[in-house]
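Inspection log for the structure reproduced underneath, given as structure tokens.
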Amino acid sequence: MIEVGKKYHTVDGQEAQIFADTGIGAFKILGAVKKDNGWEAYTWRTNGKYLLDKDSSLDLKLPEQLKACPFCGNNEAPRNVADNIMGKSAGGYFVVCSAKESEGGGCGGMSGWGKTERLATTNWNRRA
Ligand SMILES: [Zn+2]
């Protein structure tokens, strides 16, 4: 999932920013890549790919995505949340397959704790 307004990098390390998701066509993501002489406009697919069917150095580097829940198979419910004990931050993260209907209605399955969101994601995906 690419977020409008966020900064990304291309796989070859160039700075990129996203302006809009046009919602139309195969290349819906509208943004720009920083070149020596300024920002150059580009479009990408919603999966961050610059070309239709092959890899490119202009593909966007996206954070690791959460895999579907290994317990209930839900694709939408797993989410990364800040660790919290009795209302106090424990300084870490875990992934929970949200059981709330409003958040996708998962089964409540959890990953191991991770010091960063990225580590919690890795822990979850190792089991998924
Ligand atoms: Zn689940």
Any chance Phe19 is farther than 14 Å from Met1 by Cβ and in contact with a Gly (Cβ under 9 Å, 6 or more places away or on another chain): yes
Is it the case that region 98-117 has a residue that's in a helix (DSSP H, G or I) and under 16 Å from the mean Cα position of the chain (by Cα)? yes
I'm checking my understanding of the structure. Among residues of region 48-96 that are of a type in the set (Phe, Trp, Tyr) and under 13 Å from Met110 (Cα atoms), which one is farthest from the chain's Cα centre (by Cα)? Phe71
Residue in region 9-47 that is nearest to the chain's Cα centre (by Cα), counting only those that are under 24 Å from Asn75 (Cα atoms) and not β-branched (Val, Ile, Thr): Asn47
Of all residues in region 44-87, count the ones that are away from the ligand (no atom under 14 Å from the Cβ), small (Gly, Ala, Ser) and surrounded by fewer than 17 Cβ atoms within 10 Å (Cβ to Cβ). 4
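Quick note: the coordinates plus some simple rules give every number you see, no bench work behind them. Every value quoted in this text rests on a predicted model; they were computed, and no experiment measured them. So basically every Cβ, Gly included, is an ideal-geometry build from the backbone, and we count neighbours across all protein chains shown.
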